[in-house]
Amino acid sequence: MDGSLKRTDNPVLPRHGGVARTGDAPLGGNAVPERTQSPPHGVLEELSGTFASARRVLSDFLELLSLETRRAGLTLVWMVTCGAVAAILVVAAWLGFMAALALWAVSLGISWVTAVTVISSANLLAAAIVTSVCFRMSRDLLFPATRGQLEAKATQSELP
């Protein structure tokens, strides 16, 4: 020892020499830890303990699943609500923009009827183009490559 640590600085060792009391014994020494529970006495008790533990784990898992499902449902409701509000705001902004465009056209000397008709026709044409694009894109929802692959395999399996 280097002399910096005195024997009295160690709480496990007795201050004035001698043997440490059992309450002062270090855990790594001869002290034997006491058991807090008695061991199971039979296979049936062991199995019942295992089943009870499995039941608790399953119960906790199902409780967690129900809480997360509830949270996901509430989140979905908020998302749909926010989407509906956003859609209403976009429509209102579009109508305001179209009204401003009509006012600008009227200020250039075009009649109200002509300005509103031209703007409405342009909106209908844009809607028709977007609808046509959606219909063309919807063909991809039918999984054409997968269906073709399945039909080819069905035809090959029918061949002798």
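Since every read-out is calculated from the coordinates, none of them should be taken as a lab result. Bear in mind the structure is a predicted one, so any value in this text is a computation, not a measurement. All Cβ positions, even for glycine, are placed from backbone atoms using ideal geometry, and neighbour counts span all protein chains on display.
Computed from backbone phi with θ = phi - 60° and the Karplus coefficients 6.51, -1.76 and 1.60, the 3J(HN,Hα) list for segment 58-65 is 5, 4, 5, 5, 5, 5, 4, 4 Hz; x is used for glycine and proline. Packing here is the average count of other Cβ atoms within 10 Å per residue, and on that basis the peptides 41-51, 106-116, highest first, run 106-116, 41-51.
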